[in-house]
Each structure stands twice: as C-alpha cells, then as structure tokens.
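Trainee: Would you mind keeping the following structure in view while I ask a few things?
The values are calculated or read from the model by the stated rules, or taken from the named source; none is laboratory data. Quantities reported herein were computed from a predicted structural model and do not represent experimental measurements. Cβ atoms come from the backbone with ideal geometry, glycine included; neighbour counts cover every protein chain shown. Remember, those area values only see protein heavy atoms, side chains included, never the ligands or the DNA or RNA. Shrake-Rupley method; radii C 1.70, N 1.55, O 1.52, S 1.80 Å.
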Amino acid sequence: MDPRFKIAHREAKIGVGIAIAHFLWWFGFAYGLGSRPVEQYRYIWGFPDWFFYSAIVGFILISITIVFVTKFVLKEVSFEEDGEADR
Amino acid sequence: MNWQVIAPLVFFLVAIFATGWIASRQRDKSSGFLNDYFLGGRELGGFVLAMTMVATYGSASSFLGGPGTAYTMGFGWVLLAMTQVVTGYFVLLILGKKFAILARRYQAVTLIDFLKARYNSPVVAILSAFAIVIFLFSAMTAQWVGGARLIETVTGLSYTSALFIFVISVLVYVTTGGFRAVALTDAVQGTIMVIGTTILLIAVIIAGGGVPNIMQDLLTENPNLVTPYGSDGNLSAAYVSSFWILVGVGVVGLPQIAVRAMSYKTSRGMHRALVIGTIVTGFIMLNMHLIGVFARAVKPGIEVADTVIPVIALDILPPWLAGIVLAAPLAAIMSTVDSLLLLVSSSVVKDVYLGYIQPNASMKTVKRMSFGVTAVLGTIVFLLAVNPPELLIFLNLFAFGGLEAAFIWPIVLGLYWKYGNKYGAIASMVTGIGTYIALHFYNTANGNLLDIHTVVIPVVLSLIAYIVFSLAIKREVYRY
C-alpha cells in the first residue's frame, strides 16, 4: 500500500477520536450541569455555568487541541502522483 | 431609503466584483480549463480554502434563521449551534489526505468524477449527478430568496429588484471567474462575516448593559431561556445531540464541502485550513447565536425570527455601521450560493455533457458550455426565485440531510473500506434518499421518531445498505 495512505488512515482515526472526546465534553457539561434546577446555576462571566464549560471552554479546548495536533502530530505528504515514486 | 446603510453594502458589492475580476484575470493556462474553472487549478492556499469552506458552510441559516431561533429558544439553541465546530476539523481529517491523493490519481475535478472512478460505474455517476442537480438547485434557490429578502428589508427596494441586484452580482463573478473567483470572494466574504459578527456582538452586549444584566432580564422573562432545554422545555438532549450528525460529522457527505477537500495544493495548506476552519467556524457560530439570545433582552417582541438580526442591527448601531454588519449575512448567503451554482454547473457540464452526451467536445466548446451553463442556471434560478414554486420549497427540505444520507457512505467508505463496491454505493444512495423522504413525512405527521432529527436513521440505514450490498454482490477487494 502507498505509504501515504498509512499516514492518512492514522489521521482519520485521530479525527474520529477528537470528535468523540469533543462530543463527550460538550454533552457532559451541557446536560450534566444544565439539568439542575435553574436556581442552582452559577454564573461565570455572566454565562450559566453549563453553557460556559460546554460551549465556550469546549470550543477553546478544541481549538487548542487542533493547533497542537496539526503542529506536532499530522505529517506532511505530497499529493502529487510522483510522490508515489518512493514507495 | 437609508443611504447611510446602503453605502457600505454597495461598497461591499464593489469589493466583491473587484475580487472576482482579479481572479478571472489570473486564469492559469497550464493546468487546463476544466481543472482551473471548477477547482482553481488546485493551487489555492490554506487561508483561502479554509475561508471558502467556512463561508460556503455558513449560510442564510447561520446568519438569519439560526440566530432567530436562538432568540425564541434561548441558550439551548446556542448549544445546538455549537455542534457545528466539529465540521471545521472533522471534514479535513476524515476526507483529508487520502481524498486529495486519490482525486489527483483519478484526475477527478468533481465529486462525481471521484465516485465514478472509485466505483467504475456510470450508474453511480448518473445517480449522484441527478441528486446534486435536483437538491442543490433547490437549496440554491432558497438561499437566493433569503438574500433578496435581506436586501429588501435593509434597503426598502422591492423584492424583485432586490433579487435582481443579488443575482446579477453573483452571476457576474461566478461566470467569469469560476472556482478561483468563488474561493477568493469567499475569503473576502468570510472575513466580513468575522468582522460583522464581532461588532454586532459587542454592540448587543453594550446595549443590554453587560452579560450578567442580560442574563437577569432573560431569567425574569422566562428561566427556561438559560437552560439547555429551550424556552418551552421541549428541546430534548437526544434531539439536540442528533445535530452532531446533521450539522457536524455528517457534513463530510455534502458535495459542496467535499469538493473543497479535493482542491488543496499541499498538505501544509490543508493543515492551516484545519486550524483556521475550526476557529473561524466556532467563533462565527458562537457569536451569531449569542447575538440572537442577547437580542431578546435588548429588544423583546420581534415577531419574524428571520428578521431578528437586521432589526437589532438597525436598532442599536449607527446606520453606517449597521450597513457594514449587515454585509455579513449577505456575504454568507452569497458565498453559499456561488459555490452551489458552480457545483451544479460543473455537474451538468463535466459529468453529464462531457461524460455522456459529447465526450469528444473541443476545448472551445467546453469553455463556452461552462460559461453558458453557469449563466443559464443562474437565470433559471432567478426566475424561480421571483415566485418560488411549492415543489422547490419541498425539495429544499431534503437538500442538507438528504444529500448527507445519500453521499456520506459512498464517499467515506469508498475511501477507507476495500470491500466497498458499486452495488453498495447505489444501494446506499437509494436507501439514504428514499428513507429520508419517507421518514420526513412520518416525522411531520407524528412528531420525530425516537425524538431525534430525521437525518439520523437514514444515515444508519444507508450504512447498513452499503455494507450488505457490497458484501453480498460481487464481493472483491478494491486496490487503492
């Protein structure tokens, strides 16, 4: 198999992994904290805590993860067909 | 007419024209007309491609409909909108490198080229061309209507003249400039979307007296607005979570998004697009939907959800600034429409005309066909949008979820599963669209089955169809 495909397969798995972790974070905070009665909500920067952690912190964490992954984990490959010559 | 609002909008249109014109001058002779017109010669950089992905994806619904619903439903809808962040990285990590490499090996210019080569089947190609033309054509008309309505609201022009201005603007740069013009104008439009939402969010927070103050107003009006369950408590966790399929991971199945993953020159550009795409999508979605919720505290009682954004902008901003901010939804609509127009015309020219009608057409004919078909399609859409027929509105309902259910597995498993074959692909497409339409009727009549969005079950069924038919009929290993 084209060695570039090994890299592509690995990175697709990373994508699925990040999406699952993202979903768990998003769901956990939104419905874990959000299902309490409204009177028990705390407010961070004015936002209800469930929303602050799930949507705002979640978004920031995902952005950091993506920056980190693209910088240190993903590999450069050639898309051209001559990139195949070295297989 | 309010010229102070209109002036920035006119300036915006001029800037878009200029970008489109510059792009059309840059046409690259070396890589061949089709490759250049429909894919930008595969040489665009990471920033432009990230922005075109975000801008194509961000449409009338993210700038008008979505914030309008957030206005009615409260924070639950903002939570739902944030499921879209996943598209920013998921599409490129999944389709990513393998798609880019294979598309080049197959010399594919369109998504249909890719499917045709992977499955070696004209039936797959015709089915996909059919689905793309029908559904995206309707989707495009709906966006067109949204754009005209917005111009109508802001400028006070009649609907038809507003539509005319809108259509002419888009047609000129798409027809002359092709994909490169679409991508470059998308980058400008995406940038305007970021700036516009930022200004409006800050303005709404100031007008509401700060976030804690706004939250107090919302709690006083209806405490449900700050829960994840919607203003009437009907927004269930299962329903909101099913949007992870519809507007999150399922987006890999949308042809207008998938085709963008083919157009990268280098993996470096793709990596940059991953980062920019994720951050910009999340930023825009969070801002726009927060604006929707906050607007409720600032100006309660807006009746028509789609007008929340224009009304609040005109209400709290000085006119010239409102003009700049309202260029953002216009940009969002334009950047969606231009891509759809190009995609539909590429399906007609490349996949139908060159594929089946006249495979040996000369370069000159192809060129004339491409310009001609793009212009004719645009004109038909204009005529339809003047008075949208019922059928079109109906078809548009399936444009997003229906296309995902049809294409997600033929694309994804076509890339990664060696047993995938044309029988699986055909079965998967037919099952996806068929069950989507059937379930849509069921859900409209009886409420959502299992309390989840219509898209989920057809996506699961089309996966099963793909696997079963691939293994059952002429099972063999595909060599990538």
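Trainee: Taking the condition of being within 23 Å of B:Met73 (Cβ to Cβ) and open to solvent by less than 50 Å² (accessible area, probe 1.4 Å), how many residues in the range B:297-323 meet it?
Mentor: Here the count works out to 12.
Trainee: Kindly indicate whether any position in the range B:187-203 is out of contact with any helix residue (DSSP H, G or I) (no Cβ under 6 Å at 6 or more places or on another chain), open to solvent by 10 Å² or more (accessible area, probe 1.4 Å) and within 30 Å of B:Arg368 (Cβ to Cβ).
Mentor: Checked the range B:187-203: no residue is out of contact with any helix residue (DSSP H, G or I) (no Cβ under 6 Å at 6 or more places or on another chain), open to solvent by 10 Å² or more (accessible area, probe 1.4 Å) and within 30 Å of B:Arg368 (Cβ to Cβ).
Trainee: Among the residues of the range B:316-354, count how many are modelled with pLDDT under 90 and touching a Lys or Arg at 6+ places or on another chain (Cβ under 9 Å).
Mentor: Of the residues in the range B:316-354, 2 are modelled with pLDDT under 90 and touching a Lys or Arg at 6+ places or on another chain (Cβ under 9 Å).
Trainee: Output the qualifying pairs, or none if there are none: Cβ atoms under 8 angstrom, residues six or more apart or on different chains, first residue in the range A:35-48 and facing another protein chain (nearest Cβ under 8 Å) and at positive phi, second residue surrounded by 11 or more Cβ atoms within 10 Å (Cβ to Cβ) and not aliphatic (A, V, I, L, M).
Mentor: Pairs that qualify, where the first residue is facing another protein chain (nearest Cβ under 8 Å) and at positive phi and the partner is surrounded by 11 or more Cβ atoms within 10 Å (Cβ to Cβ) and not aliphatic (A, V, I, L, M), are A:Trp45/A:Phe52; A:Gly46/B:Gly210; A:Gly46/B:Pro212; A:Gly46/B:Asn213.
Trainee: With the structure loaded, tell me whether B:Pro410 is surrounded by 16 or more Cβ atoms within 10 Å (Cβ to Cβ) and either out of contact with any Cys (no Cβ under 8 Å at 6 or more places or on another chain) or assigned by TED's automatic domain parsing to the domain that holds B:Leu102 (or both) or whether it fails that test.
Mentor: Against the criterion (surrounded by 16 or more Cβ atoms within 10 Å (Cβ to Cβ) and either out of contact with any Cys (no Cβ under 8 Å at 6 or more places or on another chain) or assigned by TED's automatic domain parsing to the domain that holds B:Leu102 (or both)), B:Pro410 qualifies.
Yes/no per residue for (1) in the same structural domain as B:Ser161 (by TED's automatic domain parsing); (2) of a type in the set (Gly, Ala, Ser); (3) surrounded by 22 or more Cβ atoms within 10 Å (Cβ to Cβ):
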residue: B:Ile357; (1), (2), (3): yes, no, no
residue: B:Thr365; (1), (2), (3): yes, no, no
residue: B:Ser370; (1), (2), (3): yes, yes, yes
residue: B:Phe382; (1), (2), (3): yes, no, no
residue: B:Leu395; (1), (2), (3): no, no, no
residue: B:Tyr423; (1), (2), (3): no, no, yes
residue: B:Gly432; (1), (2), (3): no, yes, yes
residue: B:Ile437; (1), (2), (3): no, no, no
residue: B:Tyr442; (1), (2), (3): no, no, no
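Trainee: Quick one: how many residues across the range A:13-31 are crowded, with 16+ Cβ neighbours inside 10 Å and more than 9 Å from chain B (Cβ to nearest Cβ)?
Mentor: Total satisfying the criteria: 2.
Trainee: Just for the range B:37-58: of the residues that are open to solvent by 10 Å² or more (accessible area, probe 1.4 Å) and in a loop (DSSP other than H, G, I, E, B), which one is farthest from the other protein chains (Cβ to nearest Cβ)?
Mentor: B:Gly45
Trainee: May I pose another question? Of everything in the range B:127-168 that's open to solvent by less than 20 Å² (accessible area, probe 1.4 Å), of a type in the set (Ser, Thr, Tyr) and modelled with pLDDT of 80 or more, which residue is nearest to B:Leu395 (Cα to Cα)?
Mentor: Selected residue: B:Thr141.
Trainee: Inspect the range B:293-310 for any residue being in contact (Cβ under 8 Å) with a residue 40 or more places away in the chain, within 14 Å of another protein chain (Cβ to nearest Cβ) and among the aliphatic types (A, V, I, L, M) and give the result as yes or no.
Mentor: yes
Trainee: Out of curiosity, is A:Glu81 charged (D, E, K, R), within 21 Å of B:Ile94 (Cα to Cα), open to solvent by 20 Å² or more (accessible area, probe 1.4 Å) and at the interface with chain B (Cβ under 7 Å from one of its Cβ atoms)?
Mentor: So A:Glu81 fits the description; yes.
Trainee: Taking the residues in the range B:302-341 that are out of contact with any Pro (no Cβ under 7 Å at 6 or more places or on another chain) and among the small types (Gly, Ala, Ser) as candidates, determine which candidate is nearest to B:Thr197 (Cα to Cα).
Mentor: That would be B:Ala328.
Trainee: Any residue in the range B:82-104 that is more than 8 Å from every other protein chain (Cβ to nearest Cβ), free of Cβ contacts under 8 Å to residues at least 12 places away in the same chain and surrounded by fewer than 23 Cβ atoms within 10 Å (Cβ to Cβ)?
Mentor: Scanning the range B:82-104, I find no residue that is more than 8 Å from every other protein chain (Cβ to nearest Cβ), free of Cβ contacts under 8 Å to residues at least 12 places away in the same chain and surrounded by fewer than 23 Cβ atoms within 10 Å (Cβ to Cβ), so the answer is no.
Trainee: Right, next: From the list A:Ala55, A:Ala12, pick out the single residue that is touching a helix residue (DSSP H, G or I) at 6+ places or on another chain (Cβ under 7 Å), farther than 19 Å from B:Leu95 by Cα and either part of a helix (DSSP H, G or I) or among the hydroxyl-bearing types (Ser, Thr, Tyr) (or both).
Mentor: From the options A:Ala55, A:Ala12, the qualifying one is A:Ala55.
Trainee: Restricted to the range A:32-71, and to residues that are open to solvent by less than 30 Å² (accessible area, probe 1.4 Å) and over 30 Å from A:Gly15 (Cβ atoms), which residue is farthest from the chain's Cα centre (by Cα)?
Mentor: A:Val38
Conditions tested, residue by residue: (1) outside the structural domain of B:Lys97 (by TED's automatic domain parsing); (2) at pLDDT below 85; (3) open to solvent by less than 30 Å² (accessible area, probe 1.4 Å).
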{"site": "B:Asn224", "(1), (2), (3)": "no, no, no"}
{"site": "B:Gly233", "(1), (2), (3)": "no, no, no"}
{"site": "B:Ser236", "(1), (2), (3)": "no, no, yes"}
{"site": "B:Phe243", "(1), (2), (3)": "no, no, yes"}
{"site": "B:Val249", "(1), (2), (3)": "no, no, no"}
{"site": "B:Leu254", "(1), (2), (3)": "no, no, yes"}
{"site": "B:Ala258", "(1), (2), (3)": "no, no, yes"}
{"site": "B:Met262", "(1), (2), (3)": "no, yes, yes"}
{"site": "B:Lys265", "(1), (2), (3)": "no, yes, no"}
